[in-house]
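K.L.:
Questions regarding the structure given below will be posed in turn.
The values are calculated or read from the model by the stated rules, or taken from the named source; none is laboratory data. What you are looking at is a predicted structure, and each value in this text was computed from that prediction instead of being measured. Counting neighbours? That spans all protein chains shown, and the Cβs are built from the backbone with ideal geometry, glycine included.
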Amino acid sequence: MTRIFLFGAGGRMGRSIAAVAAARDDVEIVIETPEIYVDFSAPDALEEHLAAAIAAGKPILVGTTGLTPEHHQAIDAAAAKVAVLQAANTSLGVAVLRVLVEQAARLLGPDWDAEILEMHHRDKLDTPSGTALLLGASVGKGRGADGPTDLNHFDRMQEGPHAREPGGVYYASLRGGTVAGEHVVIFAGDGERIELGHRADSRTIFAKGAIKAALWLKDRPAGRYTMADVLGL
């Protein structure tokens, strides 16, 4: 039985993870002596939660979205001491989608326009979503972009119609209802287009992915990991 301490237990994802854990016989949510920390809380609390994992010498899965470059620097620093898996989306399907998007971007090149459409429930605050930014980073990686591939900079985000920057990645965000998450990456060429997408019917898929990732992370050495590592991609 793997013991998990859950930051953000009262939130949507926290409740979903607790429900999935309760139906399993190999994990349990605890309030003391955890073997791994899982954080689905808020960006402002991230550094405190990383410090708790470091103090305990235990790995931590960070699923919190809306992170800044400073937050990623804090994650890098923590990963020098403990195992850290940071994922804006813990869906196994999205992890596979990132690989497909990267391959498509590499094969098509920058002459094909890249547009990313995402929709979430009415209460989601960050735009574009963390997953949309990850997919944008996959486009950049496939095109051979330099620099970090886990972040896509907002200087490539435009609101409304604008002249397209060659090689740019652009986003459209929709909010409404109870949508768990939808993402479509559109590669548009002259006279044709390719669409790669993922639709989540419920948060349960993210919770299941988070628990799978936590169990995988449990005995890993210090370092920074992704969902792609969990699946061996």
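K.L.:
Residues that are at pLDDT below 95, surrounded by fewer than 17 Cβ atoms within 10 Å (Cβ to Cβ) and in a loop (DSSP other than H, G, I, E, B): does the range 74-93 have at least one?
P.N.:
no
K.L.:
Among the residues of the range 218-233, is there at least one that is under 21 Å from G109 (Cα atoms), assigned to a strand (DSSP E or B) and under 17 Å from the mean Cα position of the chain (by Cα)?
P.N.:
No, the conditions are met nowhere in the range 218-233.
K.L.:
Additional query: Considering only the range 28-39, how many residues are surrounded by fewer than 21 Cβ atoms within 10 Å (Cβ to Cβ), closer than 17 Å to K208 by Cβ and hydrophobic (A, V, I, L, M, F, W, C)?
P.N.:
The total comes to 1.
K.L.:
What pairs come up if the first residue lies in the range 178-198 and is at positive phi, the second is of a type in the set (V, I, T) and surrounded by 16 or more Cβ atoms within 10 Å (Cβ to Cβ), and their beta carbons are under 8 Å apart, counting only those six or more places apart or on different chains?
P.N.:
G181/T131
K.L.:
Among what's in the range 163-190 and is outside any strand (DSSP E or B) and touching a Pro at 6+ places or on another chain (Cβ under 8 Å), pick the residue that is modelled with the lowest pLDDT.
P.N.:
Here the answer is P166.
K.L.:
Still on this structure: Is it the case that some residue within the range 1-23 is within 15 Å of A213 (Cβ to Cβ), touching a residue at least 40 places away in the same chain (Cβ under 8 Å) and among the charged types (D, E, K, R)?
P.N.:
Checking the range 1-23: not a single residue is within 15 Å of A213 (Cβ to Cβ), touching a residue at least 40 places away in the same chain (Cβ under 8 Å) and among the charged types (D, E, K, R).
K.L.:
Considering only residues that are crowded, with 19+ Cβ neighbours inside 10 Å, more than 20 Å from A210 (Cβ to Cβ) and among the small types (G, A, S), which ones fall in the range 105-136?
P.N.:
A105, A114, G136
K.L.:
Hey, can you tell me all the residues within the range 84-113 that are touching an Asp or Glu at 6+ places or on another chain (Cβ under 8 Å) and under 16 Å from G197 (Cβ atoms)?
P.N.:
Within the range 84-113, none qualify.
K.L.:
Only residues that are modelled with pLDDT under 95 and more than 14 Å from the chain's Cα centre (by Cα): list them for the range 191-217, please.
P.N.:
If the condition is that a residue be modelled with pLDDT under 95 and more than 14 Å from the chain's Cα centre (by Cα), then D201, S202, T204 are the ones that fit.
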